[in-house]
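Here is the structure we will look at, set down as structure tokens.
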Amino acid sequence: MLNFSYGWAIFEIVKTTKAQPINEGFYHRRTPHCCRCHRPIVTVAYTGISKSAQTASITSELKQWHKLFEAYKAVNGSYPAPAPSSPAMSGGPGTNALSTYCLGTGFPQSAGAGYCRAANSTATYRATETTGASLITQLTTVGTPPKNSAKYVYDTNVVGPHLVYNGVTDVRLYSIFPPASACPSGMILGYTNANRIDCYIRLDYS
């Protein structure tokens, strides 16, 4: 009885991301346990592609938001205010999230509301989706915000993108990425652990 050798098929899946027919010339006798070796390799390859695609999507969206902020500044002479008044006091309802504003719509729902930064109505670091409404309205005057984009939740309940208002000259556009050794090009590391990496673009007030 012949057992298949999966080594060549594994190479083709990793190289082309789609299974190729196994060449009959590569069939030969193998002990049964070798047939199980292909599963971890295929899983690792698929996970890598998935994370890469997610990172590319999140990066593209955050850069779109950044371009809109810069376009608004070019037209109006300043960046849009996060809220009509008292920006630092008009953010999310949670403790330590008073200066967080969601960028976009379609965030994960919890207790009937959408939340960014921490997508859970009981989490400490959280902001309701509606906190970014004023920003979206202002940015719409210079372009089309990527509002209802795909949302990726990491580390149980952390999701972006969102704006963090640390002061009148320290405003950051954050997003959350799958775990990596560094942030995408042009972004600054805000936080990292085994489950995610938080990266941001700081608006230029110079």
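Throughout, read-outs are computed from the coordinates displayed, never taken from laboratory work. As the structure is a computational prediction, the values presented were derived from the model and not from experiment. We place every Cβ from the backbone using ideal geometry, glycine too, and count neighbours over all the protein chains shown.
Using a Förster distance of 30 angstrom, determine the FRET efficiency expected from the C-beta separation of ALA71 and ALA182, and round it to 0.05. Don't skip to the end; give the middle numbers.
On the way: r = 28 Å, r/R0 = 0.93.
The pair ALA71/ALA182 has a calculated efficiency of 0.60.
Can you run phi through the Karplus equation (6.51, -1.76, 1.60; θ = phi - 60°) for the range 116-132 and list ³J(HN,Hα) in whole Hz, with x for Gly and Pro?
Each residue's phi maps through the Karplus curve to give 10, 6, 10, 7, 8, 5, 9, 6, 5, 8, 8, 8, 6, 3, 5, 4, x Hz.
Quick one: what Rg and Dmax do you get for the range 55-202 from the alpha carbons, in Å?
14.1, 41
Show the residues, 5+ positions off or on another chain, whose built amide H is closer than 5 Å to the amide H of ASN120.
none
Under 5 Å between amide H atoms, partner at least 5 residues away or on a different chain: which partners does LEU103 have, H built in plane at 1.01 Å?
Under 5 Å from the amide H of LEU103 lie the amide H atoms of HIS162, LEU163, each far enough along the sequence or on another chain.
Write down, largest first, the equivalent ellipsoid semi-axes of the range 118-167 in whole Å, where each equals the square root of 5 times an eigenvalue of the alpha-carbon gyration tensor.
Details: eigenvalues 99, 38, 17 Å².
The answer is 22, 14, 9 Å, longest axis first.
Given the Cα-Cα distance of SER52 and ARG202 and 0.36 nm per residue of separation, how much length would full extension add, in nm?
This chain segment gains 51.6 nm when fully extended.
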